[in-house]
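Enquirer: Got a structure for you, questions after.
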Amino acid sequence: MYTTEAPDGTTLRYATAGPADGEPVALVGEAGLGPWQWGWQHGALGPFRTLAVDLRGTGAGPDAPPDPYDVGTLAADLEAVLADAGVRRVHLLGFGLGGMVCLRYAREYGRARSLALVGTASSGDAVDRESFAALFAAPDALSGAFTPAFREARPDLLDRVVEWRREEDPPAPVREAQLAAALAFEAGPLYDLGLPALVLHGVDDPVVPAPAGEALAAGLPHCAFERVEGRRLAHLEHSVAVNDRLDAFLRSVE
């Protein structure tokens with residue numbers, strides 16, 4: 001785990017995996033979830049070097065920076081991390097709020113090569129706050145995260161997820177500050193984001209319904225949209241297929 005400082009002095013945390021000379025891919029995650037959410041992608045994307053970036057406040061314990069948070073500040077945090085890691089050009093992989101951060105980052109900074117967005121909307125208006133809150137009713141509140149079939153088939157993995165959530169998810173005040181950033185987000189005109197893009201979205205995502213992801217993809221000028229069977233954490237439930245698709249997309253970027 002590495003640390004650096006945001007422009008306002010906030011401590012930022014990130015981890016790297018994969019070959020040191022691989023093309024960098026920044027992983028920016030969802031509000032309220034710890035770094036475990038990237039456990040199926042971090043270091044698993046072929047020849048690429050992944051950098052899993054914690055949103056501010058995640059892992060900070062009692063030293064969490066005060067709210068309010070906003071997507072512009074989180075994008076500046078990402079720039080500080082990439083500068084610290086010596087990254088000149090980067091593929092962006094964002095989930096939920098992290099996808100919003102990637103959209104803002106691609107608009108305001110010059111390092112982005114491509115956008116891969118999972119469970120992301122172009123506006124915070126698309127986020128179902130009640131469904132989001134239901135994910136955090138308890139560490140074992142996973143009905144909105146995984147399909148019933150997956151929960152029945154993999155109870156061993158769910159037990160591990162519950163433990164990871166207890167250890168890594170940020171406390172409620174940080175989660176609410178991160179959520180507020182997502183709810184206030186507006187991507188602005190999408191037509192001028194001309195990067196190669198891929199949008200993946202869980203078919204039965206209760207937090208950001210799939211039509212919001214489809215609309216996001218339709219607004220981006222060079223974007224493919226693909227539905228993934230599953231709920232909010234479809235990219236974990238179907239990680240093999242998702243990783244294969246991400247690997248193919250990243251390799252296609254010139």
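Enquirer: I'm told GLU186 meets every condition in (1) touching a residue at least 24 places away in the same chain (Cβ under 8 Å); (2) over 17 Å from the mean Cα position of the chain (by Cα); (3) surrounded by fewer than 17 Cβ atoms within 10 Å (Cβ to Cβ) except one. Can you identify the failing condition by its number?
Expert: Of (1) touching a residue at least 24 places away in the same chain (Cβ under 8 Å); (2) over 17 Å from the mean Cα position of the chain (by Cα); (3) surrounded by fewer than 17 Cβ atoms within 10 Å (Cβ to Cβ), only one is false for GLU186: (2).
Enquirer: If I filter region 157-173 down to residues being in contact with a Pro (Cβ under 7 Å, 6 or more places away or on another chain) and free of Cβ contacts under 8 Å to residues at least 60 places away in the same chain, which single residue comes out as surrounded by the fewest Cβ atoms within 10 Å (Cβ to Cβ)?
Expert: Top of the filtered list is ARG166.
Enquirer: Next question. Can you tell me which residue within region 139-180, out of those that are part of a helix (DSSP H, G or I) and β-branched (Val, Ile, Thr), is nearest to GLY32 (Cα to Cα)?
Expert: Checking each candidate, the answer is VAL174.
Enquirer: Let me ask something additional. Starting from residues that are in contact (Cβ under 8 Å) with a residue 24 or more places away in the chain and out of contact with any strand residue (DSSP E or B) (no Cβ under 9 Å at 6 or more places or on another chain), keep the ones in region 224-246 and report whichever is nearest to ALA116 (Cα to Cα).
Expert: ASN243
Enquirer: Any residue at all in region 108-115 that's surrounded by 22 or more Cβ atoms within 10 Å (Cβ to Cβ), touching a His at 6+ places or on another chain (Cβ under 6 Å) and not aromatic (Phe, Trp, Tyr)?
Expert: So far as region 108-115 goes, yes, one or more of its residues are surrounded by 22 or more Cβ atoms within 10 Å (Cβ to Cβ), touching a His at 6+ places or on another chain (Cβ under 6 Å) and not aromatic (Phe, Trp, Tyr).
Yes/no per residue for (1) modelled with pLDDT under 95; (2) surrounded by fewer than 21 Cβ atoms within 10 Å (Cβ to Cβ); (3) β-branched (Val, Ile, Thr):
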{"site": "VAL28", "(1), (2), (3)": "no, no, yes"}
{"site": "TRP38", "(1), (2), (3)": "no, no, no"}
{"site": "HIS42", "(1), (2), (3)": "yes, yes, no"}
{"site": "THR50", "(1), (2), (3)": "no, no, yes"}
{"site": "ALA60", "(1), (2), (3)": "yes, yes, no"}
{"site": "VAL71", "(1), (2), (3)": "no, no, yes"}
{"site": "LEU74", "(1), (2), (3)": "no, no, no"}
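Enquirer: Related question: From the list ARG104, ARG56, ARG88, which residue is within 18 Å of LEU195 (Cβ to Cβ), touching a residue at least 12 places away in the same chain (Cβ under 8 Å), outside any helix (DSSP H, G or I) and not aliphatic (A, V, I, L, M)?
Expert: The match here is ARG88.
Enquirer: Quick one: how many residues across region 133-142 are surrounded by fewer than 19 Cβ atoms within 10 Å (Cβ to Cβ) and touching a residue at least 60 places away in the same chain (Cβ under 8 Å)?
Expert: Residues meeting the conditions: 2.
Enquirer: Now for a different question. Do you know which of the residues in region 1-45 that are of a type in the set (A, V, I, L, M) and touching a His at 6+ places or on another chain (Cβ under 8 Å) is nearest to ARG129 (Cα to Cα)?
Expert: LEU27
Enquirer: Okay, next question. Looking at (1) closer than 29 Å to ALA138 by Cβ; (2) at pLDDT 95 or above; (3) out of contact with any strand residue (DSSP E or B) (no Cβ under 8 Å at 6 or more places or on another chain), which is the one condition that is false for PRO171?
Expert: Of everything listed in (1) closer than 29 Å to ALA138 by Cβ; (2) at pLDDT 95 or above; (3) out of contact with any strand residue (DSSP E or B) (no Cβ under 8 Å at 6 or more places or on another chain), PRO171 misses just condition (2).
Enquirer: A further question follows. Which residues, taken from region 15-26, are under 20 Å from GLY96 (Cα atoms) and surrounded by fewer than 20 Cβ atoms within 10 Å (Cβ to Cβ)?
Expert: Selection gives ALA15 alone.
Enquirer: What residue, among those in region 65-80 that are among the acidic types (Asp, Glu) and part of a helix (DSSP H, G or I), is farthest from ALA112 (Cα to Cα)?
Expert: Of everything passing the filter in region 65-80, ASP77 is farthest from ALA112 (Cα to Cα).
The values are calculated or read from the model by the stated rules, or taken from the named source; none is laboratory data. Predicted model, so just to flag it, every value in this text is computed and none were measured. As a convention, Cβ positions derive from the backbone with ideal geometry for all residues, glycine included, and neighbour counts pool all protein chains shown.
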